[in-house]
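The structure appears below as structure tokens.
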Amino acid sequence: MQRANAAGTVEPLRIEAGGRASIAEQVFRTLRSSIVTMRLTPATALSEQDIADRLKVSRQPVREAFIKLSEIGLVRVLPQRGTYVVKISAKAVTDARFVREAVECAIARRASQGIARHAVAALRAIIAEQRKAGRAQDEEAFFALDDAFHRALATAAACTYAWKVVEEAKAQMDRVRFLSIPDAMPTEIPIVQHQAILDAIVAGDGAAAERAMQVHLREILKSLPRLSRAFPEMFEDAEDAATPHKKPARKKAAK
């Protein structure tokens, strides 16, 4: 598997017009995306000053972003020793998948009770765009559209808070999902599964919608073992799990 992304890089910070999100929140989103898409690989050392310089912000919002990233399990802040991107924990991934299945199956069942026509059209459009991204081998766009489908479904079902819960729980899972495209999981698989979910919802079949969502979210259990064998340096091993405060192997700080 080869990636276009260069490890140790950070996406440019995009300042939102109108001040809808704080600078700290935007720094957090940028760093989260960079970690999930492997621009910042596991065990990479992060420097507050380097990140602040690169994103052209002060150190305070970077510090706040590091704290939030630590809370969702993507970085480890070690006093006097530095901040590091954590390795992927298979247990954290399976725990997140369990939470996600419980919440999103309920969302699918609720959506099957009826969603607006424009919401159905928007979901179909996302699937069409995702298919285009898959054909173009645009992994980051494909991944973003996968999330967009689930977010739009939650919004259509009036479950925006439920999606917020899912989003906070699935950070570790997201890295495995991104790594799985396309080698461990061909891009056509999630597209077909999204279509099956939407078809069941449009048909008003709650049980079928729930089953389709369950199948979709369990796909990661097939790819996880293969990915941990293919990328052992990115996954937490038994020794790492037993000694969570062990200093990670130092890599060059992200610039």
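Please report the projected area of segment 187-232's Cα convex hull averaged over all directions, in nm².
3.2
Residue by residue, what Karplus-based ³J(HN,Hα) values in Hz, rounded to whole numbers, does segment 169-179 have, using 6.51, -1.76 and 1.60 with θ = phi - 60° and x for Gly and Pro?
Values, residue by residue: 7, 9, 4, 5, 4, 4, 5, 5, 4, 5, 4 Hz.
Would you please give the FRET efficiency between GLN113 and ALA230, computed as 1/(1 + (r/R0)^6) with r the Cβ-Cβ distance and R0 = 41 Å, to the nearest 0.05?
Using R0 = 41 Å, I get an efficiency of 0.50.
Rounded to whole Å, give me the distance from the Cα center of segment 206-220 to that of segment 27-94.
The distance from the Cα centre of segment 206-220 to that of segment 27-94 comes to 32 Å.
Tell me the carbon and sulfur percent of the accessible area for segment 41-177, rounded to whole percent, probe radius 1.4 Å. Mind dumping the intermediate values first?
On the way: 3370 of 6430 Å².
Here carbon and sulfur together make up 52 percent of the probe-accessible area.
Starting from the Cα coordinates of segment 103-143, work out the convex hull volume and express it per residue in Å³.
Values: hull volume 3.0 nm³, N = 41.
It is 73 Å³ per residue.
Taking a ≥ b ≥ c as the square roots of the Cα gyration tensor eigenvalues, with a/c under 1.5 meaning rounded and otherwise prolate when a/b beats b/c, else oblate, which class fits segment 156-230?
Note, shape of segment 156-230 comes out oblate.
Which distance in nm do the two modelled labels at ASP50 and ARG81 give, with both placed 7 Å along the Cα-to-Cβ direction?
Spacing of the two 7 Å Cα→Cβ label points: 1.8 nm.
At ALA141 and ALA125, where each label point lies 7 Å from the Cα along Cα→Cβ, what is the point-to-point distance in nanometres?
That separation, rounded to one decimal, is 1.6 nm.
The values are calculated or read from the model by the stated rules, or taken from the named source; none is laboratory data. All of these numbers come straight from a predicted model, not from anything done at the bench. Neighbour counts run over all protein chains shown; Cβ positions are idealised from the backbone, glycine included. Note: areas computed on protein heavy atoms with side chains; ligands, DNA, RNA excluded. Shrake-Rupley method; radii C 1.70, N 1.55, O 1.52, S 1.80 Å.
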